[in-house]
Amino acid sequence: MARRKYVVGNWKMNGLSAALADAQAIFAGAEDHSAVDVAICPPFTLVGAMVAAAPGSAVGGQDCHSATSGAFTGSVAAPMLADIGASLVIVGHSERREGFSESDADVRAKAEAGLTAGLSVILCVGEPRAVRESGGAIDYVLAQIAGSVPESFDAHRLAIAYEPIWAIGTGLVPTVVDVAAMHGAIRRALAARFGGAAEDMRILYGGSVNGDNAAELLDAGDVDGALVGGASLTAAKFMPIVAAAAALG
Ligand code: 13P
């Protein structure tokens with residue numbers, strides 16, 4: 001079965017209660033594009049309220065702890081996200097790997113926790129600029145895949161997001177050829193380890209996706225959707241990306 005396109009907004013540390021109206025506008029607009037799965041991952045503080053404001057919509061966390069409970073001040077466990085109606089969680093974002101020193105093993109444990117809690121998981125990988133410039137991007141990302149993808153999972157509930165760090169929030173994007181090469185390499189690595197399940201896994205691209213470049217990026221080989229930061233905060237910016245995905249089917 002063909003993989004459905006998946007467009008996910010990562011609001012990062014943006015959004016007070018007033019932003020729930022933006023989420024409602026996005027989910028209302030998404031109803032016109034039923035061939036695309038649309039989700040928003042707001043800050044933890046808005047997850048429950050967003051679920052209530054947009055019943056039935058896909059709302060998720062941006063991180064979770066690997067433990068189910070315990071003395072981890074400030075952290076949120078995957079079952080807690082599920083408990084308030086979240087259906088997905090992002091793990092291993094570069095802003096967590098770099099800013100909070102999360103290792104591949106940490107990311108893998110978080111992915112396992114999310115899956116065990118019944119959530120869908122978006123597991124992020126991506127290389128820094130120096131690695132891209134040295135020609136080592138694919139090896140770097142495949143090592144992240146090897147180290148952070150769990151050993152067993154439901155392929156329909158685990159997506160990979162390739163987000164080159166140098167493309168995040170910079171307005172820079174890799175060439176379509178480079179995106180297709182990376183996504184193809186990721187798919188082949190997943191197939192070598194997990195066999196046919198790799199065909200069911202969605203691989204998203206993230207990094208400066210906007211309404212102008214989405215159609216081209218989403219049409220690249222093995223790109224099944226987008227993980228969007230800045231351009232996901234309003235319906236005006238986000239819906240053109242969703243529409244671009246819908247146009248590709
Ligand atoms: P931008 O779309 O703002 O570049 O952010 C991408 C990202 O990090 C999504 O997780």
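Read-outs: derived from the displayed coordinates by stated rules, not from any lab. Given the structure is predicted, the values throughout are model-derived calculations rather than measurements. No Cβ is skipped: glycine too gets one built from the backbone with ideal geometry, and neighbour counts run over all protein chains shown.
Side notes on the structure shown:
- Of everything in region 121-151 that is of a type in the set (Ser, Thr, Tyr) and touching an Asp or Glu at 6+ places or on another chain (Cβ under 9 Å), the residue that is surrounded by the most Cβ atoms within 10 Å (Cβ to Cβ) is 148.
- The numbered conditions (1) crowded, with 18+ Cβ neighbours inside 10 Å; (2) within 19 Å of residue 145 (Cβ to Cβ) are all true for residue 105 except (1).
- In region 184-218, the residues that are in a helix (DSSP H, G or I) and in contact with a Phe, Trp or Tyr (Cβ under 6 Å, 6 or more places away or on another chain): 217
- For region 1-36, a residue qualifies if it is within 16 Å of the ligand (Cβ to nearest atom) and closer than 15 Å to residue 202 by Cβ, and the qualifying residues are 6, 7, 8.
- Subset of region 159-177 (residues that are within 16 Å of the ligand (Cβ to nearest atom) and either among the polar types (S, T, N, Q) or in a helix (DSSP H, G or I) (or both)): 165, 166, 167, 170
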